[in-house]
Amino acid sequence: MNSTIWLALALVLVLEGLGPMLYPQAWRKMVAALSQLPDHILRRFGGGLVVAGVVIYYMLTKSMT
């Protein structure tokens with residue numbers, strides 16, 4: 001696999017780990033609140049994150065060439 005993908009995955013893991021490490025109580029409350037949301041809202045949120053990630057990836061790969 002491309003090393004850029006591994007670097008991106010490592011960055012995601014670092015950023016995802018900061019919340020529970022630095023603010024465990026707030027992180028727990030946020031997860032509890034997210035678990036109460038209806039499925040269609042979670043799907044929209046997840047879809048928005050996927051689209052944002054694809055756009056950022058496209059912009060970065062286009063600027064590198």
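The values are calculated or read from the model by the stated rules, or taken from the named source; none is laboratory data. Bear in mind the structure is a predicted one, so any value in this text is a computation, not a measurement. Virtual Cβ from ideal backbone geometry, glycine too; neighbours counted across all protein chains shown.
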Restricting attention to segment 1-25, which residues are assigned to a helix (DSSP H, G or I) and among the hydroxyl-bearing types (Ser, Thr, Tyr)?
Ser3, Thr4
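Between Tyr23, Tyr58, which is at pLDDT 95 or above and among the hydroxyl-bearing types (Ser, Thr, Tyr)?
Tyr23
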For segment 26-35, does any single residue satisfy the condition of being surrounded by fewer than 10 Cβ atoms within 10 Å (Cβ to Cβ), of a type in the set (A, V, I, L, M, F, W, C) and part of a helix (DSSP H, G or I)?
yes
